[in-house]
Every structure is written in structure tokens, then in C-alpha cells.
Amino acid sequence: MIHLVARSLADTHNIASAIASIVRPRDLILLVGEMGAGKTAFTVGFARALGVSEDDHVSSPTFTLVHTYDSGRVPVLHADLYRLTSTGEVEDLGIREQLDMGAVGLVEWGDVAQEVLGDALIVSLEADADDTECRTITVSVEGHGWDTRWEPLKASLQKWSAA
């Protein structure tokens, strides 16, 4: 696991950008955290780092379930599973199929369907009760898709290391 501290919104965006610099098409990132933890803010920084246009308003897909941003170097799929109640509903979204077509996926509340979604980088965000801009971020992995990129990932995030 990698433990990080983001002391501002800019830090959250920059951490997301560092991770985005290492992603490959078909990668899946599960975003975990309570309401207000910074999952959508992370996604904004991530999408901008991949070249998603400022004209594309990156926002939480809580009610539409999935947004796709095609204006960057790699299509970005942004899903929100908060309102779903079964793994069948998650499967119906076709997230893995869209990733297989070359997108990178970010899934808010993705931990609830990890067994359906498979290998992923897991980014857990936790807001600081005393400082509304500060976040504790933990990065871990499920599966082997990041094995060869784990050390470069750690190096790119060193600036925000909590240890």
C-alpha cells in the first residue's frame, strides 16, 4: 500500500495526475470513500491529466451512472455505483467491455462491486474532519495489472508520502 496526504485540492489533482501518467488503456481505478471524500475531485485531476478538454465538465455521474469523456488522449469512463443495489446492475453497465475497447475507467463506490469488476488500482480517500481540504489517500492494488508499474507509481507519488 501507498499512504499519501493531500493538503489541498491542488494536491488531490496532482496525485491523480501522477497516477494518470502511468495508466494504460483498459486500466480500472476504483475510488473508495465516503460522501465528500474527494472521489470526483480526484477524477477531475485525472481526466485533465489525460487531456480531457476543459469544455467537458467532469462531474459525478450519480444519477446518469456513467459519463464518458473522449476529448483526451485516452477515453475516460467515469462511473458511480452509489445508487446500484446488485452486482447484476453493475454488470449491466458494461464497464469491463468499455475498458476492453481502450478506455481507462474510474469507478466511484467501486469497492462494493470489486468481485464483478476484477483487477484494479484502488484509491481510498478520506477527508480530514478538521481541515476540509486535507485528504488521506491510500493506494493499493487488486490483481496483477500494476505489478510492473508499482515501483514507478510509488516513485511518482513520493512527494505526497505520509510516511
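Checking VAL5 against (1) over 23 Å from ALA129 (Cβ atoms); (2) surrounded by 15 or more Cβ atoms within 10 Å (Cβ to Cβ), only one condition comes out false. Which one?
That leaves (1) as the condition not met.
Filter segment 111-148 down to residues that are farther than 24 Å from SER161 by Cβ and either buried (at least 16 other Cβ atoms within 10 Å of the Cβ) or among the aliphatic types (A, V, I, L, M) (or both), then give me how many there are.
Residues meeting the conditions: 5.
State the number of residues belonging to segment 1-49 that are part of a helix (DSSP H, G or I) and either touching a helix residue (DSSP H, G or I) at 6+ places or on another chain (Cβ under 9 Å) or not β-branched (Val, Ile, Thr) (or both).
Counting residues in segment 1-49 that are part of a helix (DSSP H, G or I) and either touching a helix residue (DSSP H, G or I) at 6+ places or on another chain (Cβ under 9 Å) or not β-branched (Val, Ile, Thr) (or both) gives 22.
Kindly check whether there is at least one residue in segment 72-85 that is surrounded by fewer than 21 Cβ atoms within 10 Å (Cβ to Cβ), assigned to a helix (DSSP H, G or I), modelled with pLDDT of 75 or more and touching a strand residue (DSSP E or B) at 6+ places or on another chain (Cβ under 9 Å).
no
Could you say whether any residue in segment 13-32 is touching a His at 6+ places or on another chain (Cβ under 7 Å) and either at pLDDT 70 or above or among the hydrophobic types (A, V, I, L, M, F, W, C) (or both)?
Taking every residue of segment 13-32 in turn, none turns out to be touching a His at 6+ places or on another chain (Cβ under 7 Å) and either at pLDDT 70 or above or among the hydrophobic types (A, V, I, L, M, F, W, C) (or both).
Taking segment 13-52, which residues are polar (S, T, N, Q) and under 11 Å from the mean Cα position of the chain (by Cα)?
Within segment 13-52, SER17, THR40, THR43 meet the criteria.
If you take the residues of segment 105-147 that are modelled with pLDDT of 80 or more and among the acidic types (Asp, Glu), which of them is farthest from VAL76 (Cα to Cα)?
ASP130
The values are calculated or read from the model by the stated rules, or taken from the named source; none is laboratory data. These numbers come from a predicted model, not from an experiment. Methodologically, a virtual Cβ is constructed for each residue, glycine included, from the backbone with ideal geometry; neighbour enumeration extends over all protein chains shown.
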